[in-house]
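The values are calculated or read from the model by the stated rules, or taken from the named source; none is laboratory data. This structure is a prediction, so every number in the text was calculated from the model and none was measured. Methodologically, a virtual Cβ is constructed for each residue, glycine included, from the backbone with ideal geometry; neighbour enumeration extends over all protein chains shown. Side chains included, ligands, DNA and RNA excluded: accessible areas come from the protein's heavy atoms. Shrake-Rupley method; radii C 1.70, N 1.55, O 1.52, S 1.80 Å.
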Amino acid sequence: MAANNLRSVLWESFEWFLFFTLLLSTRGSVAVAESSINPTTADQLKQLNDQTIIATHVSLDSEWDHFKDGAEKATWTLAGLWGWPVGDSQDWGIRFRLPFSYYRTDQASDDDGLGGVGDAEIGVGTAFRLSTWRTAGGIELHTDTASDSTLAEKVWRLKTGWGVAHDFSKWLSASFNADYNHSVAERDDVRPHRYLELSLPTTLIFPQAWSMNAKYKTAIDFQNGDRWNHMVGVGVAKRLSKVPIVLSGTVEKSLSGGAKRFQASITIVYYFERYHLLR
């Protein structure tokens, strides 16, 4: 019994020692990060998960979904956002997304797969920058334009949302987003879509234009018994030094079961810096 107590005390002491060692080393790293972070680069890294920042860019996202029944789906999404300032602290933006998908069933099947254009989306929004706080809102239309019904959600859907973000320092920011989705038209007996999405993304900026991000997301499905779905995701990103390009990779996992095992994606973003001046 005494030996067990001794081991417990030693282990607890080691944990506290490790905690303070990491804390002291983090303080030194933070001081270096604070002095080396470029504001434009920081905004570009944060915008990957922060809808309160509007910067003109084009992107290509490659996403891979793996399902429990063995099926797989690959999606390449071409997206663009055009933003322009309308005041000292306000921006407007228009966003467009067009996915191209390839879907196949389990490998034991003789199905060679199916590919084509998915449902396009277009949206408009505005953002306000208030010192270390930011807020933004907008509306988006999800269209039923897929080339094949297998790749479509079979609905026309409106999404309205608003978000608030805060920079705790030059290297740490977090935001809270709320988006309400409501279908306005359905086909092929698809049930109406009516759900609320809440997300909490956090971004850590490191020297040499690196960043890490983590996100918790939950959705309340009002058409399915007010069911809650939970998801977590982590990612890493790097802004290239000589060209305004950000490369990022993310992995997301559902905590509520469902057909999807996990989702992985790689994104390339090119920023048109001359169209967006930081204030």
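Some notes on this structure:
- The residues on offer are L141, L158, and the sole one that is open to solvent by 40 Å² or more (accessible area, probe 1.4 Å), over 20 Å from F100 (Cβ atoms) and in a strand (DSSP E or B) is L158.
- Scanning the stretch 72-90 for residues that are open to solvent by 30 Å² or more (accessible area, probe 1.4 Å) and of a type in the set (S, T, Y) yields a count of 1.
- When K215 is tested against (1) surrounded by 14 or more Cβ atoms within 10 Å (Cβ to Cβ); (2) of a type in the set (K, R); (3) without any contact (Cβ under 8 Å) to a residue 40 or more places away in the chain, exactly one condition is not met: (3).
- Some residue of the stretch 66-78 being closer than 30 Å to I205 by Cβ and part of a loop (DSSP other than H, G, I, E, B): no
- Complete set of residues in the stretch 47-94 that are of a type in the set (S, T, Y), modelled with pLDDT of 95 or more and more than 15 Å from the chain's Cα centre (by Cα): T56
- Residue count, the stretch 139-178 (criterion: under 20 Å from Q44 (Cα atoms) and touching a residue at least 40 places away in the same chain (Cβ under 8 Å)): 9
- So T250, is it under 20 Å from L200 (Cβ atoms), touching a His at 6+ places or on another chain (Cβ under 6 Å) and surrounded by 13 or more Cβ atoms within 10 Å (Cβ to Cβ): no
- Conditions (1) under 15 Å from the mean Cα position of the chain (by Cα); (2) among the charged types (D, E, K, R); (3) open to solvent by 60 Å² or more (accessible area, probe 1.4 Å): number failed by D179: (3)
- Residue within the stretch 144-151 that is among the β-branched types (V, I, T) and in a helix (DSSP H, G or I) present: yes
- Residues satisfying the stated conditions in the stretch 116-134, i.e. at pLDDT 95 or above and outside any loop (DSSP other than H, G, I, E, B): E121, I122, G123, V124, G125, T126, A127, F128, W133, R134
- Criterion violated by A33 - all others in (1) modelled with pLDDT of 55 or more; (2) under 18 Å from S169 (Cβ atoms) satisfied: (1)
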